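Structure record follows, encoded as structure tokens.
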Amino acid sequence: MLLSIVSLVLTILIVIFIIWCITSFWAWLGRGKQIRRAAESDVVSPATRAMIEKIQAVWAAQKAGSGKQGRKAHLSRKQLREVREAEREVREDFLDHLRIGWYQIVMIFFIGSVLGLILEEVWMFITAGVTESRVGLVWGPFSPLYGAGAVLLTLVTFQLRRAHAKGWVVFLVSMLVGGCLEQLTGWGMETFMGAVSWDYIAGGVPGAITKWVAVPFLFFWGLLGYLWYRFIMPSLLCGLGVPTTRRKVIFVTLLSIYLILDIFMTIMCFDRRAERDAGIPPANAFEAWVDENFSNAFMSERFQNMVIDTTGDAFETA
């Protein structure tokens, strides 16, 4: 019990550190310019705007190592509420004019894949005491199912927000989206990769509709979609913003290429694993390279939550 608590605390600290690293790196991509949109808007009073500018000047002076006067400058509680309200209004205005494109999609897929994997690892450790690699791609700490889910939820809830949908509508639509995602992903993995990563029927999950869809998890998707709609999606899109610098464009372009290659290589590795087990030799130099660098031993070590038999089938062990 004590070990579980300590591990959970350490995991939370690691997640906080990762978020801090991502935030710092994003600031660097934006050339370190943190735009105070709330202060620049007409929502806050002149006195609050003047205080924000004074605090920023003090921070700049401290960073440069000169001038210590004004260290105690701070916003009052009333001014803090005013700024939060201004930030909310600026965020809503930003979302009203935003058009989601490849930049936001790639970043949301990336963030969802990484954080989803971390949460799954933590969940399995706490509930089952299992510590194993549960990645979904051959390179990097990614679980593409969570990334795809984050993208779908963002696109769907963004449109529901513009339609001013009621909470129960968001809940039901999110259930449908999550169920379709699990069904299509599970079917695709078994059909094209010879892998079954989860099976609700074999696992005896109450309310299982198909191998990959169950009522309890549909409820989970609905709840997650509602929370995504109300809290996560607006802050996430506003935080990502738009590609305002060349650094951001270059970074997201390279990240896109990397993820596409990672997904392609994962499919090829599972395909060759099935062909090797069936006694089919490599047909070209590329398949021979795959066999040499992504052997059965590598696949078993990389995807520890799967058991791949001699026919190329796979199923989740926990």
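Could you pull out the residue among THR253, THR244, THR311 that is at pLDDT 90 or above, in the same structural domain as LEU152 (by TED's automatic domain parsing) and β-branched (Val, Ile, Thr)? Sole residue among the options that is at pLDDT 90 or above, in the same structural domain as LEU152 (by TED's automatic domain parsing) and β-branched (Val, Ile, Thr): THR253.
Each residue in segment 112-143 was checked for being in contact with a helix residue (DSSP H, G or I) (Cβ under 7 Å, 6 or more places away or on another chain) and either among the basic types (Lys, Arg) or closer than 25 Å to PHE251 by Cα (or both), and 15 pass. Determine whether segment 228-243 contains at least one residue that is surrounded by 13 or more Cβ atoms within 10 Å (Cβ to Cβ), touching a residue at least 12 places away in the same chain (Cβ under 8 Å) and more than 19 Å from ILE100 (Cβ to Cβ). No; the residues of segment 228-243 include none that is surrounded by 13 or more Cβ atoms within 10 Å (Cβ to Cβ), touching a residue at least 12 places away in the same chain (Cβ under 8 Å) and more than 19 Å from ILE100 (Cβ to Cβ).
Selection within segment 104-137: residues that are among the hydroxyl-bearing types (Ser, Thr, Tyr) and within 21 Å of GLU301 (Cα to Cα). The member of this set that is surrounded by the fewest Cβ atoms within 10 Å (Cβ to Cβ) is THR131. Restricting attention to segment 233-254, the residues that are within 20 Å of LEU115 (Cβ to Cβ) and of a type in the set (Val, Ile, Thr) add up to 1. What number of residues within segment 114-143 satisfy the criterion of being among the hydroxyl-bearing types (Ser, Thr, Tyr) and touching a residue at least 60 places away in the same chain (Cβ under 8 Å)? Matching residues across segment 114-143 total 1.
Taking segment 288-307 as the range and being at pLDDT below 70 and farther than 16 Å from LEU137 by Cβ as the test, only VAL307 passes.
The values are calculated or read from the model by the stated rules, or taken from the named source; none is laboratory data. What you see is a predicted model; the values in this text were computed from it and never measured. Please note: Cβ atoms are built from the backbone with ideal geometry, for glycine as well, and neighbour counts cover all protein chains shown.
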